[in-house]
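> Handing you a structure now.
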Amino acid sequence: EAGVAQSPRYKIIEKRQSVAFWCNPISGHATLYWYQQILGQGPKLLIQFQNNGVVDDSQLPKDRFSAERLKGVDSTLKIQPAKLEDSAVYLCASSLPQGFRETQYFGPGTRLLVL
Amino acid sequence: AQSVTQLDSQVPVFEEAPVELRCNYSSSVSVYLFWYVQYPNQGLQLLLKYLSGSTLVKGINGFEAEFNKSQTSFHLRKPSVHISDTAEYFCAVSEPGGYQKVTFGTGTKLQVIP
C-alpha cells in the first residue's frame, strides 16, 4: 500500500514570496490533515478535511494560509505571503473517516525555510 | 481543552538498557492517547494507542505504554533499546467525539548510545 506522498520535500524562499505544497493521501482515506511542525515543537494542526469539506481550520492563519482539497483526494496548502516564522516542516496525514479510533498516517513532510 | 506535557526534551540511554519516556496529559473528559515516533527527515509513525480496555498497551518495535488515569500519565517504556530506536517520540491526546483533533506534545529525543 502506497503511503502519503508530499512534494516538494524541501523549499527555500524569501519572505513575502508565495509557496505551495502538495499532498496525495492514502487511497480511500477520506480524512486529510495538514500540520505545521516548528523546530523543537510537536506538530500543530492547521486544517482538517473530511472529503472536500473543512471540519477544523481554527489554527490556520487565514490571512496568509489557504488550503483546498479538490475532489476529495489531493490537497494543496499555500502560503502567501510567507513570513520568517513560517519556517517549519509541513506534514500531511490521512486517515479513514471513522473518527478518533483511526490511525493517522503521515507523509515525509515538506521542509520550508523562509529567508 | 486538552494538552500534553512531555517532561524530558532529551533522553540519552545506553544500548540494551531500559528506557521510559514520560507523558502527562490534561483533559476535562475521557481521552484517547497515542505515541508516535519520528525518525530523522521522516513523518510520524504510530507506535501504539490507548482507546479503552486494558491500561497496558503494547505497540510496535517492543514498546509498551501504561495508561494511569489517576496520575493522568501515559509513559512509554522499552526494556532494552537498540541503536535503531534513536528518534524523536511524541505523545498525543485526542478527545472522543468530533473529528479526532489530536494534540501533540513537544517531543522527546531518545539518543541511544552504543
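Read the figures in this text as sums done on the coordinates, not as results from a lab. Predicted model, so just to flag it, every value in this text is computed and none were measured. Counting neighbours? That spans all protein chains shown, and the Cβs are built from the backbone with ideal geometry, glycine included.
> With a bin width of 10 angstrom, please list the P(r) values of the protein assembly as shown as percents of all Cα-Cα pairs, from the 0 bin to the one holding the largest distance.
Calculated over all Cα pairs of the protein assembly as shown, the distribution is 8, 33, 35, 20, 5, 0 percent.
> In whole angstrom, and with the biggest value first, how far do the Cα coordinates of segment B:7-60 range along each principal axis?
Reported extents, whole Å, longest axis first: 36, 24, 21.
> Right, another one. So which trypsin sites (Lys or Arg not before Pro) in segment B:62-109 are both in a DSSP loop and have at most 15 other Cβ atoms within 10 Å of their Cβ?
B:LYS69
> Within 10 Å of each Cβ in peptide A:29-38, how many partner chain Cβ atoms are there on average? Round it to a whole number, please.
Across A:29-38, the average partner-chain Cβ count within 10 Å equals 2.
> Next question. Which of the lysines could a cross-linker span from A:LYS78 if the Cα-Cα distance has to be under 17 Å and same-chain partners fewer than 8 positions apart are dropped?
Excluding near neighbours in sequence, the set is A:LYS11, A:LYS15, A:LYS44, A:LYS62.
> Explain nothing, just the number: relative contact order of chain B, from Cα pairs under 8 Å at least 6 residues apart, as a whole percent.
Relative contact order for chain B comes out at 37 percent.
> With θ set to phi - 60° and the Karplus curve 6.51 cos²θ - 1.76 cosθ + 1.60, what are the ³J(HN,Hα) couplings of segment B:5-16 in order, to the nearest whole Hz, using x for Gly and Pro?
Once θ is set to phi - 60°, the couplings for segment B:5-16 become 10, 10, 6, 10, 7, 9, 9, x, 8, 6, 4, 6 Hz.
> Here's a follow-up. So how many Lys-Lys pairs in chain B land under 21 Å Cα to Cα, not counting same-chain pairs under 8 apart?
11
> So, counting K/R as plus one and D/E as minus one, what does the shell of residues with Cβ under 12 Å around B:VAL81 add up to?
-2
> Starting from the alpha-carbon convex hull of chain B, give the projected area averaged over all orientations, in nm².
Dividing the Cα hull surface by four gives the mean projection, 6.9 nm².
> In nm, to one decimal, how far is the A:GLU85 label point from the B:ALA17 one, both placed 7 Å along Cα→Cβ?
3.9 nm
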